[in-house]
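What follows is a set of notes on a single structure, which appears directly below.
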Amino acid sequence: QKEVEQNSGPLSVPEGAIASLNCTYSDRGSQSFFWYRQYSGKSPELIMFIYSNGDKEDGRFTAQLNKASQYVSLLIRDSQPSDSATYLCAVPFSSNTGKLIFGQGTTLQVKP
Amino acid sequence: ETGVTQTPRHLVMGMTNKKSLKCEQHLGHNAMYWYKQSAKKPLELMFVYSLEERVENNSVPSRFSPECPNSSHLFLHLHTLQPEDSALYLCASSRTTQVGSEQYFGPGTRLTVT
């Protein structure tokens, strides 16, 4: 059974700091990863997709993938209170089925 | 309308009722999904449709019955549900079911079974 693990938190950081969210996965063959943000009472919103090893940057967000260690991270620079949400990591189960395995999510609290 | 829409947004039903959830996507995508999100549990995939064909059925009880009449519409028919079925039901769509095809979610239906 493929698994995706995230620390449920809450992770609390002060405004302006870097928030680091981690996700580990069990299937060494996994090739791509998604990060979603979910505000309380809302649906998940896609914020990042990463396929290759290394870093991918999009604005204040950086996704880091380390396939050898089987983890993917999301860094949020200059954290804002509006970044307070649950961040979900998702891994495709296999090719061509569209099935994603989600972690339980990490709740981030950014304190003003 | 833009993106993925779902109706109703809230639903309360008794265990003997029959109801349906509706999802519509305005993105021109070919794949649609039903997910269940319960408190303290990861998002669980229920069904995947690609070009109106069901390609994934994730061991979902038969009291949940999906229907995909075309690539823009997806329904989830509910009957004789249990209280543990109370959850947020999310619809999503993607261009294809290929790895890397981004899934976009609708706002969800908050279902309460009494």
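With each pseudo-label sitting 7 Å past Cα toward Cβ, what's the B:Arg63-A:Ser20 distance in nm, one decimal?
4.5
Over chain B, what is the relative contact order in whole percent, taking alpha-carbon pairs under 8 Å and six or more residues apart? Show your work: numbers first, answer last.
Numbers: 291 pairs, mean separation 41.4, N = 114.
Dividing the mean separation by the residue count of chain B yields 36 percent.
Quick one: which residues, 5 or more positions from A:Asp27 or on another chain, have an amide H under 5 Å from its amide H? H modelled 1.01 Å from N in the peptide plane, none for Pro or chain starts.
A:Glu3
Given a cut-off of 23 Å, name the pairs among B:Lys18/B:Lys41; A:Lys2/A:Lys67; A:Lys42/A:Lys99; A:Lys2/B:Lys40; A:Lys67/A:Lys111; A:Lys42/B:Lys36 whose C-alpha atoms lie farther apart than that in the structure shown. Before the final figure, lay out each step's value.
Values: B:Lys18/B:Lys41 26 Å; A:Lys2/A:Lys67 15 Å; A:Lys42/A:Lys99 21 Å; A:Lys2/B:Lys40 19 Å; A:Lys67/A:Lys111 32 Å; A:Lys42/B:Lys36 14 Å.
Over 23 Å Cα-Cα: B:Lys18/B:Lys41; A:Lys67/A:Lys111.
Answer rounded, prolate or oblate for chain B, using the Cα gyration tensor with square roots of eigenvalues a ≥ b ≥ c: rounded when a/c is under 1.5, else prolate when a/b is larger than b/c, else oblate. Could you put the intermediate results ahead of the total?
Numbers: a/c = 1.70, a/b = 1.63, b/c = 1.04.
Taking the square roots of the gyration eigenvalues as a ≥ b ≥ c, chain B is prolate.
Let me confirm one metric for peptide A:99-110, namely the mean number of other chain beta-carbon atoms within 10 Å of its residues' beta-carbons. Present the calculation step by step, with values, prior to reporting the outcome.
On the way: counts 7, 9, 4, 7, 2, 4, 3, 0, 0, 0, 0, 0.
Mean shielding by partner chains, rounded to a whole number: 3.
Once you have the Cα-Cα distance between B:His77 and B:Met15, take 0.36 nm times their residue separation minus that, and quote the gain in nm to one decimal.
Gain on stretching B:His77 to B:Met15: 21.0 nm.
Could you give the nm distance between label points at A:Asn96 and B:Ala39, where each point is 7 Å from its Cα heading toward the beta carbon?
4.2
Compute the FRET efficiency between A:Leu11 and B:Arg95 as 1/(1 + (r/R0)^6), taking r as their Cβ-Cβ distance and R0 = 25 Å, and round to the nearest 0.05.
On the way: r = 33 Å, r/R0 = 1.30.
Approximately 0.15, to the nearest 0.05.
How many nm is it between the label spots at B:Glu84 and B:Lys22, if each spot is 7 Å from the Cα in line with the beta carbon?
Reported label-point gap for B:Glu84 and B:Lys22 is 3.2 nm.
Could you compute the FRET efficiency for B:Arg54 and A:Lys67, with r as their C-beta to C-beta distance and R0 at 35 Å, rounded to 0.05?
The value I calculate is 0.65.
Tell me whether segment A:32-112 comes out rounded, prolate or oblate; compute the Cα gyration tensor, take square roots of the eigenvalues as a ≥ b ≥ c, and use a/c under 1.5 as the rounded threshold.
On the way: a/c = 2.22, a/b = 1.36, b/c = 1.63.
In terms of gyration-tensor shape, oblate.
As an exercise, identify the GluC sites (Glu not before Pro) in segment A:1-73 lying in DSSP coil whose Cβ has no more than 15 other Cβ atoms within 10 Å. Display every interim value, and only then the final one.
Working: sites: A:Glu3, A:Glu5, A:Glu15, A:Glu45, A:Glu57; in loops: A:Glu3, A:Glu15.
The qualifying sites are A:Glu3, A:Glu15.
No value in this document is a laboratory result; all are computed from the given coordinates. Note that the coordinates shown come from a computational prediction; the quantities given were computed from them, not determined experimentally. Because the Cβ atoms are built from the backbone with ideal geometry, glycine has one as well, and the counts that use them run over all protein chains shown.
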